[in-house]
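Read the structure below first, then the notes.
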Amino acid sequence: MITFVKWIVCAIFIGLTVGAAGTVFHFGLETVGGYLEQFPWFIFLLPFAGICIVGLYKIFNMEEDKGTNSIFISIRSNERIRFMMGPLVFLGTVATHMMGGSAGREGAALQMGGSLAYNIGLLFKMDEKDRKLITMCGMSAAFAALFGTPITAAIFSIEVISVGVMYYSALVPCIVSAVVGAQFAKACGAIPTTYKLLEIPNIDVSSFLKIAVLSVLTALLGVVFCFILENSKKFFSKYVRNAFIRVAVCGTIVVILTLVVGNHDYNGAGMNVISRAIAGDVSPEAFLLKMIFTAVTLSGGYRGGEIVPVFFTGATFGNTVSKVIGLNSSFGAGIGLVSLFCAATNCPITSIILSIELFGAEGLVFFAVSVAISYMLSGYSGLYSEQKIMYSKFRPEFIDKKVE
């Protein structure tokens, strides 16, 4: 009971503290997200914004910062998380979005929440094990404040670090901190992320076969997406060694791509395009272009996350494929979003909960089937190089290997 009360109090405190930071971050991104439409010339400032971001990280001796992977390493080991990770990723992500870089926001939220909570644990002289739990609380609270999906945020923080071995001791503190963070953001006017699917198919053999086809293709796309992100970073690091030149080059490429495409659909997070995909209206090449824009942006050293681009790619891909296989394109977009999220993060339980919080529970059986297929067929690829797969996806055996 003493432990229970301790973690309820800590989780509420983290939920309020990190939730407040996540709420400010949410409104900051919402504010700058519309600047590019109002001031299209901002896109030409992207290379200069990148140079400033790299310079800030250099000033604080964080050039080798591994981003979200640093949080994973800390939870599995004794490695310290520097407090400056939070402010730097906050500023870097806002600048990236303002000037048109293609990146998400949840990676920044995980880093910001994890680093803030970890250092609060240090301030209160928590031991090593308690600091790991409070770090996961911070990840949950920030993610929940940003998206308004508290249960997804809590389970994701517990499941993503070591797939197959969930940190059940973090269940109470993570759920409480996530709920508090989400409610704090909502009280401040942040609108939770939800979507309305236009049609949910009948439960029959034909529907399941179509879902299976889409899920297989999405799992393969997840492998390709992770491969592109990983190898584009290696490519630019190998051939453009200077970090300042590299970020300027990648920023310039994004500017050129934007001018060629002729619109700003692939700059920023692209939440508006996700909404359009679920409404049934999206270009068939959208998923491919988003992968390219995101890979170039993140390879340069710009800041942000990968999960919203995964949502974008999955939703647009699902919409496109559904029109070919005879599935409702709105529902296909929803399946694609959740299925690709599972393939990229290796988090099946989180993915099923995500489908409920985003779309409601009416099509749950289809989402569950899709997640199961995607999880198995995506193999051992993943967005986070420090994520570990503890148990095989194909046999009941312990493997303890990092994602490929």
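Things worth noting here:
- Which listed pairs, of Lys186/Lys290; Lys233/Lys402; Lys125/Lys388; Lys233/Lys290; Lys210/Lys290, have C-alpha distances above 20 Å, in listed order: Lys186/Lys290; Lys125/Lys388; Lys210/Lys290
- Mean residue ellipticity at 222 nm, helices only, the chain: -23000 deg cm²/dmol; runs of at least 4 DSSP H residues each add -39,500 (n - 2.57), and the sum is divided by the number of residues.
- The residues Glu362, Glu159, Glu63, sorted by heavy-atom accessible surface at 1.4 Å with ligands and nucleic acids left out, run Glu362, Glu63, Glu159 from largest to smallest.
- Calculated log₁₀ intensity ratio I(q)/I(0) where the Debye formula runs over C-alpha points of region 1-155, q = 0.14, 0.16, 0.17 Å⁻¹: -0.69, -0.87, -0.96
- Zone of Val365's modelled label, taken as backbone nitrogen in region 191-212 under 13 Å from a point 7 Å along Cα→Cβ: 201-209
- In region 331-389, one over the average inverse separation of all distinct C-alpha pairs is 11.3 Å, which is the Kirkwood hydrodynamic radius.
- Kirkwood radius, the chain, all distinct C-alpha pairs, inverse of mean reciprocal distance: 21.0 Å.
- Convex hull (Cα only) mean projected area of region 150-299, reported in nm² to one decimal: 13.3 nm²
- Across the alpha-carbon atoms of region 11-94, the computed radius of gyration and Dmax are 15.5, 46 angstrom.
- Value of Rg/Rh across region 86-134 [Cα atoms, Kirkwood radius]: 1.15
- Descending Cα extents along the principal axes, region 47-105, whole Å: 36, 24, 15
- Equivalent ellipsoid dimensions for region 288-404 as semi-axes, Å, which come from the Cα gyration tensor, largest first: 23, 21, 12
- Extent along principal axes [Cα atoms of region 67-218; Å; largest to smallest]: 58, 39, 31
- Note that region 215-279 carries a Kirkwood radius of 14.2 Å, evaluated over its alpha carbons pair by pair.
- For region 254-343, dividing the convex hull volume of the Cα atoms by the residue count gives 82 Å³ per residue.
- Taking a straight Cα-Cα cut-off under 15 Å and skipping sequence neighbours fewer than 8 places away in the same chain, the aspartates and glutamates within cross-link reach of Lys234 are Glu64, Glu404.
- Note on region 260-357: with charges restricted to the Cβ of Lys and Arg (+1) and Asp and Glu (-1), its dipole about the Cα centre is near 40 debye.
- Cα-based shape type of region 109-154, given that a ≥ b ≥ c are square roots of the gyration tensor eigenvalues and the cut on a/c is 1.5: prolate
The values are calculated or read from the model by the stated rules, or taken from the named source; none is laboratory data. Everything quoted here is computed from the prediction, not taken from an experiment. In this analysis, Cβ positions are derived from the backbone assuming ideal geometry, glycine residues included, and neighbour counts consider all displayed protein chains. Accessible surface areas use protein heavy atoms only, side chains included; no ligands, DNA or RNA. Shrake-Rupley method; radii C 1.70, N 1.55, O 1.52, S 1.80 Å.
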